[in-house]
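Reading through the structure tokens given below for one structure.
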């Protein structure tokens, strides 16, 4: 007994600490949830068995083999609608994430560079900074209702509303980085090399300060899914027949009271799952990013050197 | 247009003064100073931290604006030179400034990308082959391996980075080169090498030099005229030999004694033996 114990302790290979066991597996796992949502959204017509906006069977059928998630009050297939709902959520998520990241980076850079300067430019910068401070004080639902109320209910209005709700974080993250970068000596060197302020801002300031904003991008995506569903739930979201999760839940609430749970529960699960998946990916991707970047860069570098 | 044909220039500072802050927090970084630089100048500026020597250098290239007084280049004020694009680029091409160089390269650009920018903007060189030739020439001049151009700033040593900073300024063939603490962050043996490179290049291309540093040996090695600054004031000026051998001001004497006393390596940032000879 003692011998075997000793033998075991001697032969046991030293386990490498978990953090060091980086690899393509971790990279895959980090991206998997996000990619899964994107795949569902992209291939919705292939996955969904029925048209999401037509009546395909009797109304209020419980889940069965033919209708996986049952049918809703007007006889539309809940499974197909839920799958297409992912497509709507992803469309809005991607557009809003791009708008608020690009817009936030540009506005944040402008604020950061102009903030302490005199004259009209500095004044505009400080005004924008104040406005972005106030934006976070307004609850996103109310902001959404107001914007949709002013602009009328359209996809464009919704994108503007959700972007306004979410752009603040990106602006502030970028501004903070720009305030750091603008003290760097290479901006002085760029000035002495004859670069114009605009060129210097785009070539040096922006690339060196977008990091936090980029890491924030998946979170914007996830928040957009929540806000879109909330707005849909209170009836100012995407218009009716379009399969949108929030609206599906709210329109199925009354039948939920009567014991027909499937038209409300499944979209709700998908909202929760997609937000969780995005949140997971947005935490995991920055962790594997250095590994990924190092490997991709190495590959890229060797290719470029072999060409040169 | 080129400086290497020995075209002369004249840069004068008259009663140039610089204050930072206002009211009771006002600090005078540079007391009114008069100065004249031309193509034959090898001016060393020495002083302790906060003596205003860097501010003086930075005012000449327009990184700081003088509170009062006029800096003029070729009879035209620097403010005027920098007021429109064409003359600003011309001035930047002719008067270049190199700073102490630990962070003056964008970490996301290779040295190739960084060094070609002034060549393109200030000299209007567009053809790729010409850019490549000139970058290689300047690298050889500064004994840099041209292969290092594809590296990023964090991938080379401090001495190499400093030489790339010099390359970035010298590649446009300026008439006046202002070096601000360019060797202060380097270790002793590298300092000597960089100083020799600067001296050789400046002599070969007959450009004016203003060399700002806090270390006496480096300044005395590279310059023929010396300006000693303290608390924003020029306390002594004159030919290097004169200042070193018969210092007039107590501070200069103190400074010289400090270097004469120190034989320990960490307190005397000298370089190779040839430089020690030149210095003392």
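Just so you know, all these numbers are worked out from the coordinates, no wet-lab data involved. The shown structure was predicted, so the numbers you read here are calculated from the model rather than taken from an experiment. Cβ: placed from backbone, ideal geometry, glycine included. Neighbour counts: every protein chain shown.
Overview of results
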item	result
Cα-projected label distance for residue A:134 with residue A:24, points at 7 Å along beta-carbon direction, nm	5.3
Peptide-level mean, for A:190-202, of C-beta atoms on other protein chains within 10 Å	6
Ranked list, fewest to most other Cβ atoms within 10 Å of each Cβ, for A:160, B:70	B:70, A:160
For the range B:164-209, alpha-carbon Rg over 2.2 N^0.38 Å	1.11
Bins of 10 Å from zero: percent of alpha-carbon pairs in the range B:1-139	10, 33, 34, 19, 4, 0
Cut-off 13 Å, label 7 Å out along Cα→Cβ of residue B:19, residues of the range B:49-73 by amide N	B:67-69
Rel. contact order, % - alpha carbon contacts under 8 angstrom, at least six apart, chain B	25
Relative contact order of chain A, pairs being alpha-carbon contacts under 8 Å that are 6 or more residues apart, as %	22
Size-normalised alpha-carbon gyration radius of the protein assembly as shown, reference 2.2 N^0.38 Å	1.33
Backbone N within the range B:43-77 under 19 Å of label point (7 Å from residue B:241 Cα along the Cβ vector)	B:43-44
Whole-number Å³ per residue for the convex hull built on Cα positions in the range B:10-279	138
All Cα pairs of the range A:89-136, percent lying beyond 16 Å	47
Length-normalised contact order for the range B:203-265 - Cα pairs under 8 Å, 6+ apart - percent	20
Geometric extent, Cα atoms of chain A - Rg, Dmax (angstrom)	25.0, 84
Rounded to 5, percent antiparallel among DSSP beta bridges of the protein assembly as shown	55
Spin-label model distance (nm) - residue A:94 vs residue B:133, 7 Å beyond Cα toward Cβ	4.9
MRE, 222 nm, helices only [DSSP H, n ≥ 4, -39500 (n - 2.57), over the protein assembly as shown, to nearest 500]	-18500 deg cm²/dmol
Semi-axis lengths (Å, descending) of the ellipsoid that matches the C-alpha gyration tensor of the range A:152-308	43, 21, 13
Distance (nanometres) between label positions extended 7 Å along Cα→Cβ at residue A:253 and residue B:157	7.2
Semi-axis lengths (Å, descending) of the ellipsoid that matches the C-alpha gyration tensor of the range B:137-222	20, 16, 10
Full-extension gain in nm, residue A:279 to residue A:58, via 0.36 nm per residue minus C-alpha separation	75.8 nm
Within the range B:10-279, percent of DSSP bridges classed antiparallel, to nearest 5	50
